[in-house]
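Shown next, in structure tokens, is the structure this report addresses.
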């Protein structure tokens, strides 16, 4: 665990940011465009509610190691802008039996890649992504929503329920103004970033 500000600062200068489509030699598991996932012509006459229901149902099978979520126009435009402004963040994920696993998220829109802090420290650019998120903004203008998909690369490390939780944590930290304060500090004012404050916000206690 990084406990010093110097440790957090070093994350911002890693070569991990240079690898867009491949992490640890593994290609991104999600298609890069929405028309590779769904027939867009069949969505033309659907309402946003109907499209949301179809998307969430499509990603509801836990055996597929994937999850889906929706962002409205305001959420996604804010998420996208802030992800470009502040691409890195630390996400402590609560684990069964107590404690937490710290993940590092890297936004390379429309992708978000997550690896463990331990692997990130040891392997840098070759650190494997254990969860990838792909955003599909193709319906943003016509339907006012963006579709998001998460693919679990390492089920032994991140479960389906945990992947859903990570989706919601990313949404909260990048779209809620008060929560984004921590993300901005992590990227731009690392000397002011408090990991203890982050743990407290998420209800974790330091082990």
Residue by residue through region 115-126, note down the ones that are at pLDDT 90 or above and surrounded by fewer than 17 Cβ atoms within 10 Å (Cβ to Cβ).
-> 118
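Looking at 178, 138, 197 in this structure, which one is more than 15 Å from the chain's Cα centre (by Cα) and outside any helix (DSSP H, G or I)?
Working: 178 fails: outside any helix (DSSP H, G or I); 197 fails: outside any helix (DSSP H, G or I).
Of the residues listed, the single one that is more than 15 Å from the chain's Cα centre (by Cα) and outside any helix (DSSP H, G or I) is 138.
Can you tell me which residue among 152, 157 is farther than 17 Å from residue 84 by Cα, in contact with a helix residue (DSSP H, G or I) (Cβ under 9 Å, 6 or more places away or on another chain) and surrounded by 14 or more Cβ atoms within 10 Å (Cβ to Cβ)? Give the steps one after another, and end with the answer.
Working: 157 fails: in contact with a helix residue (DSSP H, G or I) (Cβ under 9 Å, 6 or more places away or on another chain).
The match here is 152.
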Return yes when residue 101 is at negative phi, surrounded by 15 or more Cβ atoms within 10 Å (Cβ to Cβ) and in contact with a helix residue (DSSP H, G or I) (Cβ under 6 Å, 6 or more places away or on another chain) and no when it is not.
-> no
Got at least one residue in region 97-110 being touching a residue at least 60 places away in the same chain (Cβ under 8 Å), under 23 Å from residue 39 (Cβ atoms) and under 17 Å from the mean Cα position of the chain (by Cα)?
-> yes
Restricting attention to region 41-78, and to residues there that are part of a helix (DSSP H, G or I) and in contact with a strand residue (DSSP E or B) (Cβ under 6 Å, 6 or more places away or on another chain), which single residue is farthest from residue 156 (Cα to Cα)?
-> 48
Region 79-96, residues that are assigned to a helix (DSSP H, G or I) and under 21 Å from residue 159 (Cβ atoms) = none
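If only one of 129, 146, 135 is closer than 30 Å to residue 37 by Cβ, surrounded by 14 or more Cβ atoms within 10 Å (Cβ to Cβ) and at pLDDT below 95, which one is it? Can you show your working first?
On the way: 146 fails: at pLDDT below 95; 135 fails: at pLDDT below 95.
Going through 129, 146, 135 in turn, the sole match is 129.
Among 112, 183, which is surrounded by 21 or more Cβ atoms within 10 Å (Cβ to Cβ) and farther than 30 Å from residue 41 by Cβ? So that I can check it myself, show each step before the final result.
On the way: 112 fails: farther than 30 Å from residue 41 by Cβ.
Every option except 183 fails the conditions.
Just checking, does region 182-189 include any residue being over 17 Å from the mean Cα position of the chain (by Cα) and in a helix (DSSP H, G or I)? Walk me through how you get there before you give the answer.
Let us first name the residues in region 182-189 that are over 17 Å from the mean Cα position of the chain (by Cα), namely 185, 188-189.
Subset that is in a helix (DSSP H, G or I): 185, 188.
Yes, region 182-189 contains at least one residue that is over 17 Å from the mean Cα position of the chain (by Cα) and in a helix (DSSP H, G or I).
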Quick check: anything in region 71-85 surrounded by fewer than 18 Cβ atoms within 10 Å (Cβ to Cβ), in contact with a helix residue (DSSP H, G or I) (Cβ under 9 Å, 6 or more places away or on another chain), modelled with pLDDT under 55 and within 21 Å of residue 173 (Cα to Cα)?
-> no
For region 152-173, pairs from a residue that is at negative phi and touching a residue at least 24 places away in the same chain (Cβ under 8 Å) to a residue that is surrounded by fewer than 18 Cβ atoms within 10 Å (Cβ to Cβ) and part of a loop (DSSP other than H, G, I, E, B), with Cβ under 7 Å and 6 or more apart or across chains, are 153/29
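The values are calculated or read from the model by the stated rules, or taken from the named source; none is laboratory data. Predicted model only: the values in this text are computed from it and were never measured. Backbone-built Cβ (ideal geometry, glycine too); neighbour counts: all protein chains shown.
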